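*Asks:* My structure is below; once you've seen it, I'll send some questions.
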Amino acid sequence: MSTTLKFKPALAASLVVLGTLICGSARADNESQVIDFQTHAAFFSNETHQKPPLDPQVFVAAPAAAAAIGPQGIKHVAGIRNALIGETQELPLLNASGKPLDMSLGAWLASKGEVILTPLPGGREKVTVILSDLKPHGHYSLFENHFDQQPVGFTPLDGTGSGNNFVADGEGKAVVSMVSPTLVTHDNAVLVVYHSDRKTHAASRGDLGVNAHHQLIARP
């Protein structure tokens, strides 16, 4: 079960202060942990040693580029290429089919936030996500990466896909809380997925690079 709260600056500020007070590299069985999100583009590029760093799931126009398969196995049409983290931030983004995402690279990479993990009885975990600089009124979902699986697995953060979706407010902010059926450890990560088709995909992330795009990730 998840709860999407209407974002209020005072609430966010108090949660941030709470997170600062309880943050730590280790925690007891009932102690909360606060982790900053980073862009999925930076995380992926660092993990896979991309030179130059790029985003594997969003694209920019490149008229001379041929249709190809990107570094994450995503096929894209001719005339586009993967967006590079360090290039002109005003560049408009496209999906793998060449459809505009109606945002710039700078706006995409500006998103940020933190996640508060609080263990619950029975091996479950309360997960509170505080986000800003998302796409106003954008549709999102929360998933869990499973790095201890090969290939890496993905499951809805709420365990069912029935309550892991949310919509950012008009300022691109969101505060979302739900219960994960298992503890989130270093073998896992909390993943924020943007849905450019403005639809809910339940237990599926959607079609990566086309209507689903990993935007933020937080790994304990």
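Bear in mind that the values in this text are calculations on the coordinates, not laboratory data. Computed from a prediction, not measured in an experiment: that's the story for all the values here. Neighbour counts run over all protein chains shown; Cβ positions are idealised from the backbone, glycine included.
*Asks:* What whole number of Å gives the distance from the Cα centroid of region 58-112 to the Cα centroid of region 149-171?
*Replies:* Cα centroid of region 149-171 versus Cα centroid of region 58-112: 23 Å apart.
*Asks:* Using the alpha-carbon atoms, what tilt in degrees (0 to 90, nearest 10) does helix 9-22 show relative to the longest principal axis of the chain?
*Replies:* Orientation of helix 9-22: about 70 degrees from the principal axis.
*Asks:* Work out how far the C-alpha atoms of region 52-107 reach from end to end along every principal axis, then list the three figures in whole Å, largest first.
*Replies:* 25, 22, 18
*Asks:* A further question follows. On the first, second and third principal axes, largest extent first, how far apart are the outermost C-alpha atoms of the chain in Å?
*Replies:* Principal-axis extents of the Cα atoms in the chain, largest first: 55, 39, 30 Å.
*Asks:* What residues have an amide H closer than 5 Å to that of Ala212, excluding those fewer than 5 places away on the same chain, when H is modeled at 1.01 Å from N in the peptide plane?
*Replies:* Amide H neighbours of Ala212: Ser196, Asp207.
*Asks:* Below 8 Å, C-alpha to C-alpha, sequence gap of six or more: please give me the relative contact order for the chain in percent.
*Replies:* Contact order relative to length: 22 percent.
*Asks:* Identify the trypsin sites (Lys or Arg not before Pro) of region 128-208 meeting these criteria: DSSP loop state and at most 13 other C-beta atoms within 10 Å of the C-beta.
*Replies:* Arg198, Lys199
*Asks:* Quick check on the exposure proxy: order Thr155, Thr48 from fewest to most C-beta atoms within 10 angstrom.
*Replies:* Listing Thr155, Thr48 from fewest to most nearby Cβ atoms yields Thr48, Thr155.
*Asks:* With no solvent and one point per C-alpha, what does the Debye sum give as log10 I(q)/I(0) for region 46-146 at q = 0.17 Å⁻¹?
*Replies:* -0.89
*Asks:* Next question, about the same structure. Taking a threshold of 18 Å on the Cα-Cα distance, which of the pairs Lys99/Lys199; Lys135/Lys173; Lys99/Lys173; Lys126/Lys199 fall above it?
*Replies:* Violating the 18 Å Cα-Cα cut-off are Lys99/Lys173; Lys126/Lys199.
*Asks:* Would you kindly state how much longer the chain becomes between Asn46 and Ala64 on full extension, computed as 0.36 nm times their sequence separation minus their alpha carbon distance, in nm to one decimal?
*Replies:* Stretched out fully, the Asn46 to Ala64 stretch lengthens by 3.7 nm.
*Asks:* If Lys and Arg each add +1 and Asp and Glu each add -1, what is the summed charge of the other residues whose beta carbon sits under 11 Å from the beta carbon of Ile217?
*Replies:* -2
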